[in-house]
Amino acid sequence: QVQLVESGGGLVQAGGSLRLSCAASGGTFSSYLMGWFRQAPGKEREFVAAINWSGSSTYYTDSVKGRFTISRDNAKGTMYLQMNNLKPEDTAVYYCARRKPYSDSIRPSDFDSWGQGTQVTVSS
């Protein structure tokens, strides 16, 4: 089982930027689709972005398209989420996760390895 550790969260003003990192250890990283999810207080965990094993395909929820960029460095076992033009509605705990083998969707239930999360707070 891979261990995932997120970092890079913090408090930022609206319009600012943050770069989240997800470091993998103890298991296979490079062969799997990886994703970022977020969960705001009182809300369900929601999909934010995903990237296939090679980095050649990326996927985003509509609300972050044009503002967030997902990337990965398989040699370093690390995935990133560059977040620009942040909005107060982006405030949430952000999680990285590894998708299960043979899964073909991006629901939270399709991911079996999760990090502990990193808090992102955007003030207005």
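Accessible area per residue, 1.4 Å probe, Å², for the range 28-96: what's the number?
47
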* Leaving out ligands, DNA and RNA, what percent of the accessible area of the range 1-70 is carbon and sulfur, probe 1.4 Å? -> 46
* Asked: Put a dot 7 Å past each Cα toward the Cβ at GLN119 and GLN1; how far apart are the dots in nm?
  -> 2.6
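Once you have the Cα-Cα distance between SER109 and THR28, take 0.36 nm times their residue separation minus that, and quote the gain in nm to one decimal. Intermediate values should be presented prior to the final figure.
Numbers: separation 81, 0.36 × 81 = 29.16 nm, distance 1.91 nm.
Additional length available on full extension: 27.2 nm.
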* Structure fact -> Checking the range 1-108 for GluC sites (Glu not before Pro) in a loop per DSSP with at most 16 other beta-carbon atoms within 10 Å yields GLU44
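The values are calculated or read from the model by the stated rules, or taken from the named source; none is laboratory data. Small disclaimer: the values here were computed from a predicted structure and weren't measured. Note that each Cβ is placed from the backbone with ideal geometry, even for glycine, and that neighbours are counted across all protein chains shown. The protein model used for the area step is the full one, side chains on, heavy atoms only, and it has no ligands, DNA or RNA in it. Shrake-Rupley method; radii C 1.70, N 1.55, O 1.52, S 1.80 Å.
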